[in-house]
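A.B. asks: To start, I am sharing the structure in question, which I have written as structure tokens.
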Amino acid sequence: MRRRSFIALVASALAFPGRGAFAAAAEMTVYKDPACGCCHEWSKAMAAAGFSVDARDTDDLAAVKARLGVPVDLEGCHTAVVEGYYLEGHVPLAAVQQLLQERPPLRGLAVPGMPPGSMGMGDDPAASYDVYAIPSGTGAPYVYMEVRPPKG
């Protein structure tokens, strides 16, 4: 097992206390363009973190996003569904773990576009972008998590 995979697995286990080392094996379906490499890398990272990933290639991502209610201005390059939430674009592992641990009343999380350095886009610790929460019901999206380079 590669060091990065091991660290991600341990982090997942710590994020879900009392559920066992492979408890993060929640089933995740990832809808992606068959030609997109970064979607494949994001899916691989989620699998390495312990999720059971079912990657589904589709030529009609717009229909998937519309069915799930992803706001057009928050669209990313792939859409995942896990435990009743959608994950739009390059949502980082920490945000997914927090979402599944806290279970807030949201439809999902979104990282619009394809931020350089985000998970699947180079995994650069100097990356800087926001993760948006899309509330259930009528609320406006808001910043759920800020991803910023470490200070120092």
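A.B. asks: Residue check, Glu102 against (1) at pLDDT 95 or above; (2) touching a strand residue (DSSP E or B) at 6+ places or on another chain (Cβ under 9 Å); (3) charged (D, E, K, R), all met but one. Which one?
C.D. replies: Exception for Glu102: condition (2).
A.B. asks: Report, by residue number, each residue of segment 51-82 that is over 9 Å from Tyr31 (Cβ atoms), among the β-branched types (Val, Ile, Thr) and either touching a residue at least 24 places away in the same chain (Cβ under 8 Å) or in contact with a strand residue (DSSP E or B) (Cβ under 7 Å, 6 or more places away or on another chain) (or both).
C.D. replies: Val53, Val70, Val82, listed by residue number.
A.B. asks: So, one more: Would you point out the residue of segment 116-152, among those that are modelled with pLDDT under 95 and crowded, with 21+ Cβ neighbours inside 10 Å, that is nearest to His40 (Cα to Cα)?
C.D. replies: Filtering first and then ranking leaves Gly120.
A.B. asks: Of all the strands (runs of 3 or more DSSP E) wholly in segment 52-112, which have at least 1 residues that are in contact with a Pro (Cβ under 6 Å, 6 or more places away or on another chain) and among the aliphatic types (A, V, I, L, M)?
C.D. replies: 106-111
A.B. asks: Could you tell me whether any residue of segment 120-128 is touching a helix residue (DSSP H, G or I) at 6+ places or on another chain (Cβ under 6 Å) and not in a strand (DSSP E or B)?
C.D. replies: yes
The values are calculated or read from the model by the stated rules, or taken from the named source; none is laboratory data. What you are looking at is a predicted structure, and each value in this text was computed from that prediction instead of being measured. With ideal geometry, Cβ positions are generated from the backbone for all residues, glycine too; neighbour counts draw on all protein chains shown.
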